[in-house]
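Q: Starting off with a structure, shown below.
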C-alpha cells in the first residue's frame, strides 16, 4: 500500500477481521472494501451503516462493505448507498468474495 501511494496508484484492500491488525494498510489504501465481519471488527458495532460512518471518520478514500447475499454498501457524498446482490442459483460460494474483489479492483 505504501508503494502504491508513493506511486500515486490505487491501493485496494480487502479488509477482513481482525481489521485493526492491518491498521497501517487501512490508512494507506485508496479503496477499502470490508467484509461485514471486518467492518464490524474495525468499528466495534454490528450496525453496518453506522460502522461505515465510523470507518469514514477514520479513513480516507473509497469505503465499501460486502454483506453476503445482501449486496454491497458504500459511502458516497456523506451518504450510505447500496446495490443488492444478483439473485442467482449457486452451487458453491467458495471464492465468491474473491471474485467480487477482483472485479472491483
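Readers should treat all values here as calculations from the given coordinates under stated rules, not as data from a laboratory. Since this is a predicted model, take the numbers as computed values, not measurements. When we count neighbours, we look across all protein chains shown, and the Cβ atoms used for this are built from the backbone with ideal geometry, even at glycine.
Q: Averaging sequence separations of C-alpha pairs under 8 Å and six or more residues apart, then dividing by the length of the chain, give the relative contact order as a whole percent.
A: Values: 166 pairs, mean separation 19.6, N = 105.
Contact order relative to length: 19 percent.
Q: Report the residue, chosen from 75, 40, 58, that carries the largest GNM mean-square fluctuation when the chain is represented by alpha-carbon nodes joined by springs under 10 Å.
A: 58
Q: Go through 83-91, 31-39, 3-11, 62-70 and give me the packing order, highest mean Cβ count within 10 Å leading. Mind showing how you got there, number by number?
A: Working: 83-91: 8.2, 31-39: 22.1, 3-11: 11.6, 62-70: 18.6.
Those peptides, ordered most packed to least, come out 31-39, 62-70, 3-11, 83-91.
Q: Per residue of the chain, what 222 nm ellipticity follows from adding -39500 (n - 2.57) for every DSSP H run with n ≥ 4, rounded to the nearest 500?
A: On the way: 5 runs with 39 residues, N = 105.
Mean residue ellipticity at 222 nm (helix-derived): -10000 deg cm²/dmol.
Q: Output the antiparallel fraction of DSSP beta bridges having both residues in the chain, as a percent to the nearest 5.
A: Working: 8 of 17 bridges.
Rounded to the nearest five, the antiparallel share is 45 percent.
Q: Scale the Cα Rg of the stretch 17-105 by the rule-of-thumb value 2.2 N^0.38 Å and send over the ratio, two decimals. Write out the running numbers ahead of the final one.
A: Numbers: Rg = 12.9 Å, N = 89, 2.2 N^0.38 = 12.1 Å.
This ratio for the stretch 17-105 stands at 1.07.
Q: When you count, for each residue, the other Cβ atoms within 10 Å and take the mean per peptide, how do 44-51, 98-105 rank with the highest first? Could the numbers behind the result be given before it?
A: Details: 44-51: 13.9, 98-105: 11.6.
Highest mean packing first, the order is 44-51, 98-105.
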